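One structure follows; several queries about it will come next.
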Amino acid sequence: MEEKKYKLMMKPVPDSCWYSNLRSALPKKIWDVLRHDAYDRAGGKCMICGRKTTRLEAHEDWSYDEENHIQKLDNILALCHDCHAVIHIGRTQLYGDEDRAIAHFCKVNKCSYSDYIRQLGKANEYHKRLNEVGEWKLDASFITDVLKRHGIE
């Protein structure tokens, strides 16, 4: 049976990356260029669900090469609050807003609650594997590419 592809997914990060983000690590001017680039590309709509909104949130989209221990910034996405809450489901659970996130996950993906639970289990397994890596090497070349596009080097 072929695995269903979901538009909106939980995206766990290793525990060592919790409470750190580009917004706090970069100079404000650089972060503003990066997030506004995402907002401009989004055109006032969430880049995942497509919902039009006046308030988009910048999300750092990372991938992890477990074999070579590389954490790579793939993109900065402009998201609605609800999509962002699903992606960071662990944080959302801590804040007590999981029910809203579940409903949004199911709506966007046109799936059932049991599909949500299955995907949450897979996300938790992935999170466990990411935590088995002692130290991640960072690839943030995406930042350089965006800055070059904006004439900043």
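The values are calculated or read from the model by the stated rules, or taken from the named source; none is laboratory data. Remember, predicted model here, so these are calculated numbers, not experimental data. Every residue, glycine among them, receives a Cβ derived from its backbone with ideal geometry; neighbour counts consider all protein chains shown. In case anyone asks, the SASA skips ligands and DNA or RNA and just uses the protein heavy atoms, side chains included. Shrake-Rupley method; radii C 1.70, N 1.55, O 1.52, S 1.80 Å.
Take the Cα gyration tensor of region 44-88, multiply each eigenvalue by 5, square-root it, and list the three semi-axes largest first, rounded to whole angstrom.
Working: eigenvalues 128, 17, 10 Å².
Three semi-axes, in Å: 25, 9, 7.
HN-Hα J couplings of region 85-99 from phi, Karplus 6.51/-1.76/1.60, θ = phi - 60°, integer Hz, Gly and Pro as x?
Working through the residues one at a time gives 5, 5, 4, 9, 4, x, 5, 4, 4, 4, 7, x, 10, 5, 4 Hz.
Pairs Lys7/Lys128; Lys4/Lys137; Lys29/Lys128: which exceed 27 Å Cα-Cα? Intermediate values should be presented prior to the final figure.
On the way: Lys7/Lys128 23 Å; Lys4/Lys137 31 Å; Lys29/Lys128 35 Å.
Over 27 Å Cα-Cα: Lys4/Lys137; Lys29/Lys128.
Please say if region 113-153 is rounded, prolate or oblate, where rounded means a/c under 1.5 for a ≥ b ≥ c the square roots of the C-alpha gyration tensor eigenvalues, and otherwise the choice is prolate for a/b larger than b/c and oblate otherwise? Please list the in-between numbers first.
On the way: a/c = 9.28, a/b = 1.97, b/c = 4.70.
Since a/c reaches 1.5 but b/c is at least a/b, the shape of region 113-153 is classed as oblate.
Note down the accessible area of Arg41, probe 1.4 Å, to the nearest 10 Å².
Solvent-accessible area, nearest 10 Å²: 100 Å².
While we're on this one: Explain nothing, just the number: relative contact order of the chain, from Cα pairs under 8 Å at least 6 residues apart, as a whole percent. List each step's numbers first, then the result.
Numbers: 186 pairs, mean separation 43.9, N = 153.
Across the chain, relative contact order equals 29 percent.
Quick one: accessible area per residue over the chain, 1.4 Å probe, rounded to a whole number of Å²?
Details: 9580 Å² over 153 residues.
Per residue, the chain has an accessible area of 63 Å².
Now, a different point. With the Cα gyration tensor of the chain in hand, convert its eigenvalues to equivalent ellipsoid semi-axes via √(5λ) and list them largest first in whole Å. Don't skip to the answer; put the middle values down first.
Working: eigenvalues 133, 88, 37 Å².
Computed over the chain, the values are 26, 21, 14 Å.
Then there's this: Rank Asn131, Thr144, Cys111 by how far each Cα sits towards the positive end of the charge dipole of the chain (+1 on Lys, Arg Cβ; -1 on Asp, Glu Cβ) and give me just the farthest.
Looking along the dipole axis, the top candidate is Cys111.
Now, a different point. Return the long-range amide H neighbours of Arg51 (sequence gap of 5 or more, or a different chain), with a cut-off of under 5 Å between placed amide H atoms.
Cys46
Can you give the charge dipole size of region 1-91 about its Cα centre, rounded to the nearest 20 debye, using +1 on the beta carbon of Lys and Arg and -1 on the beta carbon of Asp and Glu?
Working: 15 positive and 14 negative charges, 124 e Å.
Magnitude of the dipole: close to 600 debye.
Okay, moving on. Pop out the carbon and sulfur fraction of the accessible area of the chain as a percent, whole number, probe 1.4 Å.
Details: 4920 of 9580 Å².
So the carbon and sulfur contribution to the accessible surface is 51 percent.
Just subtract the alpha-carbon distance of Ile152 and Lys137 from 0.36 nm times their residue separation and send over the number in nm, one decimal.
Values: separation 15, 0.36 × 15 = 5.40 nm, distance 2.46 nm.
Here the answer is 2.9 nm.
Hey, another quick one. Tell me the mean residue ellipticity at 222 nm calculated for the chain from its helices only (DSSP H runs of n ≥ 4, each -39500 (n - 2.57), averaged over every residue, nearest 500).
Values: 7 runs with 71 residues, N = 153.
The helix contribution divided over the chain gives -13500 deg cm²/dmol.
Cβ neighbours within 10 Å, averaged per peptide: list 50-60, 100-110, 139-149 in order, most packed at the top. List each step's numbers first, then the result.
Numbers: 50-60: 15.2, 100-110: 17.9, 139-149: 13.5.
In descending order of packing, they fall as 100-110, 50-60, 139-149.
So how strong a dipole does the chain carry about its Cα centre when Lys and Arg Cβ are +1 and Asp and Glu Cβ are -1, to the nearest 20 debye? Could you put the intermediate results ahead of the total?
Details: 25 positive and 24 negative charges, 146 e Å.
Value, rounded to 20: 700 debye.
In whole angstrom, how far apart do the alpha carbon centroids of region 1-67 and region 118-137 sit?
Taking the Cα centre of each part, region 1-67 and region 118-137 sit 18 Å apart.
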